[in-house]
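Below you'll find the structure, written out as structure tokens, and then a few comments.
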Amino acid sequence: SAPFTVLIVSEQSRLGRDSIRTLGVIQEIIEADVEIYSYLDDKQITLDGSSKIISMVTSYSDEDHGVQTGKRITDTLRRRAENGQVAGGRVFGYSNHRPAPKSPVVRVVDDAQAAVVRRIFEMARDGSGLRRIASQLNREGVAGPRSTWSNTGVREVLHRDLYRGVVTYG
């Protein structure tokens, strides 16, 4: 027997988005003698009689909604990137700036960090490897993306297309 007898969820989709698996989860919970209630729908979730069909349709609808939402988000981020707006997080060498309330976020060069980026490229051009560059920057106390510099952090700078003027998304 389960350590509880009632499960309250906001809606059935909180139990899962995959229509087949969600019905299996609901069945397992009910078979454990736990009642499931959805407070947004103000109903008990069951799998008896016509409620099984309703749960199946609801699960399919939730799954489709998740897929469509994902497509909309991807499309929005792609369009932002195409318009020169930020479609991701922060990037060392830039600050994210919102020119006006509710306007899209754009990247603005952070002069101090950009100087570090240029220096990393110059050190690599002059033959320094990742470890040597990271060690030199750390010895000098140069702040990195994650406070100190690592080989990986230097590699990320050297391989980021954005520093070569190429904006990519996806």
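For this structure, a couple of remarks:
- Rounded accessible area of residue 41 (nearest 10 Å², 1.4 Å probe): 80
- C-alpha long axis of helix 130-139 to longest principal axis of the chain, angle in °: 80
- Where chymotrypsin sites (Phe, Trp or Tyr not before Pro) in DSSP loops with at most 15 other Cβ within 10 Å are excluded, longest remaining stretch of the chain: 40-168
- Against the chain, whose longest principal axis is taken from its Cα atoms, helix 111-125 shows a tilt of about 70°.
- Percent carbon-and-sulfur accessible area, the range 101-170, ignoring ligands, DNA and RNA, probe 1.4 Å: 50
- Net dipole in debye of the range 118-170 [+1 Lys, Arg Cβ; -1 Asp, Glu Cβ; about Cα centre; nearest 20]: 80
The values are calculated or read from the model by the stated rules, or taken from the named source; none is laboratory data. Bear in mind that the values here come from a model prediction, so they are computed numbers and not experimental data. Glycine also receives a Cβ, built like all others from the backbone with ideal geometry; neighbour counts cover every protein chain displayed. Side chains are part of the model used for accessible areas, which takes the heavy atoms of the whole protein and leaves out ligands, DNA and RNA. Shrake-Rupley method; radii C 1.70, N 1.55, O 1.52, S 1.80 Å.
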